[in-house]
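Data block below; observations after.
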Amino acid sequence: MSYFLPHLPSGWHVDQAILSEEDRVVIIRFGHDHDPTCMKMDETLFKVSTRVQNYAVVYLVDITQVPDFNKMYELYDDCAVMFFYRNKHIMVDLGTGNNNKINWAIEDRQELEDIIEVVYRGASKGRGLVVSPRDYSTRHKY
């Protein structure tokens, strides 16, 4: 599904995408199109993109082609989804300890849509950290 979503080919394009959006959340998936985790996440992002287009926009970035942000955002995982609003990185408390990004594939469309809505509502109120509607920590699985 990655060919349906817009790709950003350079660091300048990533900066412009983040800077140019005033009223919508910019969702950037950092990773590789050929990675299985990214493929699952891209499919979910594509399903959600039309439903959230009024308050969010989705872009994809290949971390091999655009290595500018790898150290800055600690992009060492296969797939990482980050949120930006008005040139500010929005962190999401998912219960995993890493508030900077989502580094696994969310396959449920409604779950991802809920997270994006929470990010938008919190960011539009000026918050830099929002709490996810679901706790993704492993403590509840046992």
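The values are calculated or read from the model by the stated rules, or taken from the named source; none is laboratory data. Everything numeric here is computed off the predicted structure, so don't read it as measured data. Glycine gets a Cβ as well: all are built from the backbone with ideal geometry, and neighbour counts include every protein chain shown.
Residues being more than 23 Å from D42 (Cβ to Cβ) and in contact (Cβ under 8 Å) with a residue 40 or more places away in the chain: count how many of those fall in segment 98-122.
So the answer is 0.
When you scan segment 105-123, do you find a residue that is in a loop (DSSP other than H, G, I, E, B) and in contact with a strand residue (DSSP E or B) (Cβ under 6 Å, 6 or more places away or on another chain), even just one?
The answer is no; no qualifying residue exists.
Restricting to segment 3-44, and then to whatever is touching a Ser or Thr at 6+ places or on another chain (Cβ under 9 Å), assigned to a helix (DSSP H, G or I) and of a type outside the set (D, E, K, R), can you tell me which residue is surrounded by the most Cβ atoms within 10 Å (Cβ to Cβ)?
Filtering first and then ranking leaves C38.
The rows are residues; the columns are (1) in contact with a Ser or Thr (Cβ under 9 Å, 6 or more places away or on another chain); (2) surrounded by fewer than 19 Cβ atoms within 10 Å (Cβ to Cβ).
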site	(1), (2)
L75	no, no
A80	no, no
N87	no, yes
N100	no, yes
W104	yes, yes
D108	yes, yes
I116	no, no
T138	yes, yes
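Is segment 61-75 home to any residue that is in contact with a strand residue (DSSP E or B) (Cβ under 6 Å, 6 or more places away or on another chain), in contact (Cβ under 8 Å) with a residue 24 or more places away in the chain, in a helix (DSSP H, G or I) and under 20 Å from M39 (Cβ atoms)?
Within segment 61-75, none of the residues are in contact with a strand residue (DSSP E or B) (Cβ under 6 Å, 6 or more places away or on another chain), in contact (Cβ under 8 Å) with a residue 24 or more places away in the chain, in a helix (DSSP H, G or I) and under 20 Å from M39 (Cβ atoms).
Matching residues to (1) hydrophobic (A, V, I, L, M, F, W, C); (2) modelled with pLDDT of 90 or more:
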{"position": "I27", "(1), (2)": "yes, yes"}
{"position": "F30", "(1), (2)": "yes, yes"}
{"position": "T37", "(1), (2)": "no, yes"}
{"position": "E43", "(1), (2)": "no, yes"}
{"position": "V58", "(1), (2)": "yes, yes"}
{"position": "L75", "(1), (2)": "yes, no"}
{"position": "A80", "(1), (2)": "yes, yes"}
{"position": "Q110", "(1), (2)": "no, yes"}
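Given the options R86, R121, R134, R109, name the one that is closer than 20 Å to W12 by Cβ and not acidic (D, E).
Just one listed residue meets the conditions, R86.
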